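As structure tokens, the structure follows; a few thoughts come after it.
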Amino acid sequence: MTEQNKEQTQLKAERHRARQQKLKAGVDAKIAAAQDEKGILLVLTGNGKGKSTSGFGTVARAVGHGKKAAVVQFIKGTWECGERNLLESAGVEFHVMGTGFTWETQDKEKDTAAAELAWEAAEKLLQDESIDCLMLDELTYMVSYHYLDVERVLSALKNRPPMQHVIITGRACHRAIIELADTVSEVQPIKHAFEAGIKAQQGFDY
């Protein structure tokens, strides 16, 4: 390597170091400023695959740290759930609406009654100070289909224990829930195997 090449390499290294130091300073400043502790309301919405999977990952993380977690599943259906099989064995309490998707039942009265029972379980958990992390899987559909009143949902979320974390998943989340949330992530579809004729498979999709 010539002397000129060495100088250019050294200059690039110094510029890179300066950029990284500036980036680190910015991150460190944000970490230093974020000192509040409270229960987080996380919304995972959008039309893409992976919302519930992400939510279950957060529940597993809580359990891994010795926290107490619970899950209420709305319209998930009656098929076996791999996450439930695993997490129930780790002490996670599950309540499953279990009537299947609404386009399968085509019975609004039955679905509304089932949603009410599931939401009653959720309300109790939202008042339980021993629950550190609560996942309300596919709750958004219950609000958008008007099976549950949004004001009732908002009231329960606002009045939950101060340190309780809540995860809400599902498409088309109501704007009032999004406004209340601390963190909102939108999952967007780019490609999906199902659209190419590949069926949902155990151990990967459910």
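The values are calculated or read from the model by the stated rules, or taken from the named source; none is laboratory data. All values derive from a computational prediction rather than experimental measurement. Note that each Cβ is placed from the backbone with ideal geometry, even for glycine, and that neighbours are counted across all protein chains shown. All accessible areas refer to the heavy atoms of the entire protein, side chains included, with ligands and DNA or RNA removed. Shrake-Rupley method; radii C 1.70, N 1.55, O 1.52, S 1.80 Å.
In terms of accessible area, using a 1.4 Å probe and ignoring ligands and nucleic acids, Lys124, Lys67 rank largest first as Lys124, Lys67.
Once backbone amide H atoms are built at 1.01 Å from N, Lys68 has Asp132, Cys133 as its partners under 5 Å, excluding neighbours fewer than 5 places away on the same chain. Taking each residue as 0.36 nm, the span from Tyr206 to Ala13 lengthens on full extension beyond its C-alpha to C-alpha distance by 64.8 nm. With the simple model of a label 7 Å out from the Cα in the direction of the Cβ, Gln35 to Ile178 spans 3.4 nm.
For region 122-172, applying the loop criterion from DSSP together with a ceiling of 13 other beta carbons within 10 Å to the GluC sites (Glu not before Pro) yields Glu129. For the pair Ser89 and Asn5, the difference between a 0.36 nm per residue extended length and the Cα-Cα distance amounts to 24.2 nm.
Only lysines eight or more places from Lys38 in sequence, or on another chain, were considered; those with a Cα closer than 27 Å are Lys24, Lys30, Lys51, Lys67, Lys68, Lys124, Lys158.
Listed by chain and number, the aspartates and glutamates whose alpha-carbon sits under 18 Å from that of Lys12, ignoring those within fewer than 8 places in the same chain, are Glu3.
Here's how it looks for Val184: its modeled amide H is under 5 Å from those of Val43, which are all 5 or more places away or on a different chain.
The figure for Asp128 is an accessible area of roughly 50 square angstrom, using a 1.4 Å probe on the protein chains alone. Distant-in-sequence amide contacts of Ala172, defined by a placed amide H-H separation under 5 Å and a gap of 5 or more residues or a different chain, comprise Gly46. A straight Cα-to-Cα reach below 17 Å connects Lys110 with the lysines Lys76, residues fewer than 8 places away in its own chain not being considered.
Going through (1) 1.13; (2) 0.99; (3) 1.07, the figure that equals Rg/Rh (Cα atoms, Kirkwood Rh) as computed for the structure here is (1).
Normalised per residue, the accessible area of the chain is 63 Å², obtained with a 1.4 Å probe and no contribution from ligands, DNA or RNA. Counting every alpha-carbon pair across region 118-206, the share separated by more than 19 Å comes to 48%.
Which of the three applies to region 131-181, rounded, prolate or oblate, going by the alpha-carbon gyration tensor with a ≥ b ≥ c and a/c under 1.5 meaning rounded? Cα axes put region 131-181 in the prolate bin. Of the residues Glu186, Glu80, ranked by 1.4 Å probe accessible area with the largest first, the sequence reads Glu186, Glu80.
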